[in-house]
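As structure tokens, the structure follows; a few thoughts come after it.
The values are calculated or read from the model by the stated rules, or taken from the named source; none is laboratory data. Source: prediction; values computed, not measured. Methodologically, a virtual Cβ is constructed for each residue, glycine included, from the backbone with ideal geometry; neighbour enumeration extends over all protein chains shown. Only protein heavy atoms, including side chains, enter the accessible area calculation; ligands, DNA and RNA are left aside. Shrake-Rupley method; radii C 1.70, N 1.55, O 1.52, S 1.80 Å.
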Amino acid sequence: MTDGDAALGDAWGSILATLSKDERVTAQLYGFLSLVEPKGIMAGTFYLEVPNEFTRGMIEQRCRMPLLSAIGGLDPALQVSTFAIVVNPDIEQEVLQTGTDPAPVEAAAPQSPYAEAPSAVAPPAQASVEVTVAPRATDTRLNPKYSFDNFVIGQSNRFAHAAAVAVAEAPAKAYNPLFIYGDSGLGKTHLLHSIGHYAMSLYPGIRVRYVSSEEFTNDFINSIQNNRGASFQARYRNIDILLIDDIQFLQRAVETQEAFFHTFNTLHDHNKQVVITSDLPPKHLTGFEDRMRSRFEWGLITDVQAPDLETRIAILRKKAQSEKVMVPDDILEFMATKVSSNIRELEGTLIRVTAFASLNRTPVDMSLVQTVLKDLITLDDDNIIAPVDIITATADYFKLSVDDLYGSSRSQAIATARQIAMYLCRELTNLSLPKIGQLFGNRDHTTVMYANKKISELMKERRSIYNQVTELTSRIKQTRR
Ligand SMILES: Nc1ncnc2c1ncn2[C@@H]1O[C@H](COP(=O)(O)OP(=O)(O)OP(=O)(O)O)[C@@H](O)[C@H]1O
């Protein structure tokens, strides 16, 4: 078994990217593939772990050929030609610990991948916010980490949260479209995914699709290049809820906007729900045709604002609970005071603090937090970090070239450096996952997601990785003085 976690993540990321474009792989099947943990490559076999028998059966019976052809497309240097699936119920645990409510395996075996969508969506008899989210995402594009259960409500997001719940409970009946705007890292993506999970738990079989506008653009361009317009249309029109993230990235993309315009009209005309997020309200979105902007205003427009101190403390507390770390209240408050605007940054701080405590086997106390915070960069408007600074500093630090990080080498040293650079881009800049993927040689956003998760975990387990991330951060900080 190779221990090149990073190379493995890259290989699996590229398999997922191929499968996401394979017409034989429906969104539901892709949902099962998203539960896979790549484990290693040995004697030509790619070993994959899944949480239960049900998932193994689905992948083996329905995805075998597409998976084999995607494996065939991997770098020949990996010398892999087939795959084997092993059931490991611990993965189940891992998924549940990320915040989704525990659900028995039977329930987790999603009904929705098979269920036909209801012809008309009727509101549930007793819909209430307390209903738990769907057992797990049955559409891979929904991140199980983001549910209403672990969304902290405060003054800054109360209205947006209520609107999101209403839309999930009565799709296309409450507000259509729902348009949520606000600065980066304030929970818009979290709300979008929560709508998807909650709606799927209320209406088994409902067809939900989450897409970032960058993915929508790529999908559209690919469909033109490969003469697959019909399947593009089917993918975006035969659904009940479309959740589209960061619509501002369609600014000035005339043809993609046109495609989105028709998608929107078709969905709206057929009483299907559309939820849109953006960094700005519709009337300030330049580079969009008026007819598009006016449609954004048809339903409800709501914003999310920077959280106040209490909400920041509550978010940290919830996060610490889900990570199962004990952090005293005065320390949570101290951290929340130091990092004031971006919630992603707040989470990054907690990851580093808990990693440091876990490596040193010490409880989280004030002096530990002060040590860790000293090396952190606080982002504010005057303090923008360019991804190129991160990439150059990382290449320099690991004595690699920038091209190594952009390129496709799967040597473990390069792959780990690349993952660290991706992690820092996610933590220290406002770039979205697809944008970071593009920066690193057009990689899929799932590769960036994997890198982010991997480095957060490795920081807790390996002192060397923690030190590398910390030293690099302080170098980046110094270059900006
Ligand atoms: N109210 C909240 N409760 C719990 N976690 C939150 C809340 N708001 C944001 N977060 C967390 O903060 C992080 C950033 O949020 P998210 O990605 O949803 O922001 P965003 O507004 O979509 O940013 P961007 O515009 O950059 O995509 C996520 O990990 C999310 O779970």
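The table for this structure:
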quantity	calculated
Residues within the range 145-159 that are more than 7 Å from the ligand (Cβ to nearest atom) and under 11 Å from Ser194 (Cβ atoms), tallied	3
Matching residues in the range 455-468 - criterion: being in contact with a helix residue (DSSP H, G or I) (Cβ under 6 Å, 6 or more places away or on another chain) and within 16 Å of the ligand (Cβ to nearest atom)	Ile455, Ser456
Any hit, the range 163-183, residues being more than 18 Å from Val274 (Cβ to Cβ), outside any helix (DSSP H, G or I), in contact with a Pro (Cβ under 9 Å, 6 or more places away or on another chain) and within 14 Å of the ligand (Cβ to nearest atom)	no
Counted residues, the range 396-412 - those being farther than 21 Å from Thr473 by Cβ and of a type in the set (D, E, K, R)	2
Residue check, Lys324 out of contact with any Leu (no Cβ under 9 Å at 6 or more places or on another chain), modelled with pLDDT under 90, of a type in the set (D, E, K, R) and under 19 Å from Asp149 (Cα atoms)	yes
Tally of residues being assigned to a helix (DSSP H, G or I) and either hydroxyl-bearing (Ser, Thr, Tyr) or away from the ligand (no atom under 16 Å from the Cβ) (or both) across the range 391-433	23
Pairs with Cβ under 7 Å, 6+ apart, first in the range 148-170 and over 15 Å from His190 (Cβ atoms), second away from the ligand (no atom under 11 Å from the Cβ) and of a type in the set (Asp, Glu)	Gln155/Asp308
Odd one out for Gln478 among (1) under 25 Å from the mean Cα position of the chain (by Cα); (2) free of Cβ contacts under 8 Å to residues at least 60 places away in the same chain	(1)
Members of the range 32-77 found to be touching a helix residue (DSSP H, G or I) at 6+ places or on another chain (Cβ under 7 Å), assigned to a helix (DSSP H, G or I) and more than 16 Å from Ala11 (Cα to Cα), listed by number	Phe32, Thr55, Met58, Ile59, Arg62
The range 337-360 residues that are within 17 Å of Met326 (Cα to Cα), paired with ones that are of a type in the set (Phe, Trp, Tyr) and assigned to a helix (DSSP H, G or I) (beta carbon under 6 Å, 6 or more apart)	Ala355/Tyr466; Leu359/Tyr466
Failed criterion for Ser194 (all others in (1) assigned to a helix (DSSP H, G or I); (2) more than 19 Å from Phe296 (Cα to Cα); (3) within 16 Å of the ligand (Cβ to nearest atom); (4) open to solvent by 30 Å² or more (accessible area, probe 1.4 Å) hold)	(4)
From the options Asp22, Asp10, residue that is among the acidic types (Asp, Glu) and assigned to a helix (DSSP H, G or I)	Asp10
Residues of the range 242-264 that turn out to be open to solvent by 30 Å² or more (accessible area, probe 1.4 Å), more than 20 Å from Thr189 (Cβ to Cβ) and touching a Lys or Arg at 6+ places or on another chain (Cβ under 9 Å), as a count	1
Extreme residue, farthest from the chain's Cα centre (by Cα), among residues of the range 46-77 that are loosely packed, with under 15 Cβ neighbours inside 10 Å and in contact (Cβ under 8 Å) with a residue 12 or more places away in the chain	Ala77
Meets criteria (under 22 Å from Glu214 (Cα atoms) and open to solvent by less than 50 Å² (accessible area, probe 1.4 Å)) for Ile276	yes
Residues of the range 386-404 classified as touching a residue at least 12 places away in the same chain (Cβ under 8 Å), among the small types (Gly, Ala, Ser) and surrounded by fewer than 19 Cβ atoms within 10 Å (Cβ to Cβ), total	1
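So that you can scan it fast, the table gives a plain yes or no per residue for (1) within 16 Å of the ligand (Cβ to nearest atom); (2) under 22 Å from Pro171 (Cβ atoms):
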| position | (1), (2) |
| --- | --- |
| Leu243 | yes, yes |
| Glu258 | no, no |
| Gln273 | no, yes |
| Thr277 | yes, yes |
| Arg293 | no, no |
| Pro307 | yes, no |
| Lys324 | no, no |
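To keep it simple, each residue is scored yes or no on (1) of a type in the set (D, E, K, R); (2) touching a strand residue (DSSP E or B) at 6+ places or on another chain (Cβ under 9 Å); (3) more than 27 Å from Leu433 (Cα to Cα).
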site: Phe296; (1), (2), (3): no, yes, no
site: Asp303; (1), (2), (3): yes, yes, no
site: Ala306; (1), (2), (3): no, no, no
site: Thr311; (1), (2), (3): no, no, no
site: Ile315; (1), (2), (3): no, no, no
site: Lys318; (1), (2), (3): yes, no, no
site: Phe334; (1), (2), (3): no, no, yes
site: Ser341; (1), (2), (3): no, no, no
